[in-house]
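Have a look at the structure below before the remarks.
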Amino acid sequence: MQAYAPTTTTLTARALLLDMDGTIVNSDAVVERCWREWAAEHGLDGDAVMKVVHGRQGYATMAVLLPDRPMEQNHADNRRMLAAETADVDGVVPVAGAPAFMAALASLPHALVTSADRALAEARMGAAGLPMPEVRVTAESVGASKPDPEGFLKGAAALGFAPADCIVFEDSEAGIAAGKAAGMRVVGVGPRAAAHNPDVAVADLTQVRIEASEDGAVLLRVGRQA
């Protein structure tokens with residue numbers, strides 16, 4: 001397991017691509033409620049289900065857990081799951097450090113790249129009190145779920161930057177794999193991330209400082225902050 005950065009590391013990028021759940025928004029309470037209920041309905045072990053739900057779109061998680069089930073049933077269940085999750089924002093809060101992190105990014109190139117659909121993203125960002133980036137790639141925007149790199153590649157293209165000039169912020173195995181497959185560097189955030197070999201891992205966003213260089217690049221001071 002990769003440990004959290006013990007000292008400050010400086011990274012330079014032209015743009016940042018941000019996952020939502022587990023990265024800037026802590027929605028674990030809702031995810032646990034909805035997915036454990038779904039697991040019980042299908043006779044699955046809740047703990048086993050929770051190990052694979054993070055980062056993927058719901059239908060893709062269901063396909064992993066119920067590989068012999070017709071995909072149209074997964075999509076139908078996913079639509080019901082999205083509606084339930086959108087209506088339930090109890091316990092949705094910002095990840096530690098996220099408000100200052102997003103404020104520092106306000107005038108710099110960045111995009112949200114999330115497996116949530118537009119309605120769920122708006123509900124959770126609003127509940128967490130975080131500003132919605134102007135550029136966002138949601139479930140409706142892609143044909144393949146993370147760990148496919150499509151979302152991150154679309155986010156980079158929308159911002160006008162090459163993948164190598166972007167840094168991804170992610171919390172999940174699927175998301176970190178997607179960022180790497182896109183040819184981007186990855187900052188892992190939170191307790192799930194460090195085990196999946198991001199380029200650097202932090203406990204939360206209090207360990208990240210953002211600055212703009214004179215040429216417009218984004219400077220990240222990542223690690224234990226004083």
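Only helical runs count toward this figure. For the chain, summing -39,500 (n - 2.57) over DSSP H runs of n ≥ 4 and dividing by all residues gives -10500 deg cm²/dmol at 222 nm. For every other residue with a beta carbon closer than 14 angstrom to the beta carbon of R79, add +1 if it is Lys or Arg and -1 if Asp or Glu, then tell me the sum. So the surrounding residues net to -3.
Here the accessible area is traced with a 1.4 Å probe on the protein chains. For the stretch 1-122, carbon and sulfur cover 54 percent of it. Highest mean packing first, where packing is the average number of other Cβ atoms within 10 Å per residue, the peptides 118-124, 27-33 line up as 118-124, 27-33.
In the stretch 125-226, what percent of the accessible surface is made up of carbon and sulfur (1.4 Å probe, ligands and nucleic acids excluded)?
50
If the segment from E140 to H75 were pulled out straight at 0.36 nm per residue, it would be longer than the present Cα-Cα gap by 22.1 nm. Straightening the chain between A29 and A87 buys 19.5 nm, computed as 0.36 nm per residue apart minus the Cα-Cα spacing. Taking each residue as 0.36 nm, the span from A162 to A48 lengthens on full extension beyond its C-alpha to C-alpha distance by 37.3 nm.
A Gaussian network model of the chain, with springs between Cα atoms under 10 Å, assigns the largest mean-square fluctuation among D171, D47, D88 to D47.
Using C-alpha pairs under 8 Å with a sequence gap of at least 6, the mean separation divided by the residue count of the chain gives a relative contact order of 31 percent.
GNM remark for the chain: springs join alpha carbons under 10 Å apart, and the peak mean-square fluctuation among V200, V137, V64 falls on V64. Surface exposure of the chain, expressed per residue as accessible area with a 1.4 Å probe, stands at 43 Å². Solvent-accessible area of H196, all protein chains in place: 60 Å² (probe radius 1.4 Å, heavy atoms, ligands and nucleic acids excluded).
Can you give me the relative contact order of the stretch 87-198 as a percent, contacts being Cα pairs under 8 Å and 6 or more apart? Numbers along the way, then the final one.
On the way: 161 pairs, mean separation 22.7, N = 112.
Computed over the stretch 87-198, the figure is 20 percent.
Between the C-alpha center of the stretch 20-86 and that of the stretch 93-144 there is a gap of 20 Å.
Which value, in debye to the nearest 20, gives the size of the charge dipole of the chain about its Cα centre, when Lys and Arg are +1 and Asp and Glu are -1 at the Cβ? Could you put the intermediate results ahead of the total?
On the way: 19 positive and 29 negative charges, 82 e Å.
I would put it at about 400 debye.
Within the stretch 101-226, what percent of beta bridges assigned by DSSP are antiparallel, to the nearest 5? Before the final figure, lay out each step's value.
On the way: 5 of 15 bridges.
Expressed as a percentage, antiparallel bridges in the stretch 101-226 total about 35.
Within the full protein context, the accessible area of K180 is estimated at about 90 Å² for a probe radius of 1.4 Å.
For the chain, what proportion of DSSP beta bridges, expressed in % and rounded to the nearest 5, is antiparallel?
On the way: 12 of 30 bridges.
Of those bridges, close to 40 percent are antiparallel.
The values are calculated or read from the model by the stated rules, or taken from the named source; none is laboratory data. Everything numeric here is computed off the predicted structure, so don't read it as measured data. Cβ coordinates were reconstructed from backbone atoms using ideal geometry, including for glycine residues, and neighbour counts include every protein chain displayed. These accessible areas exclude ligands, DNA and RNA; they are computed on the full protein's heavy atoms, side chains included. Shrake-Rupley method; radii C 1.70, N 1.55, O 1.52, S 1.80 Å.
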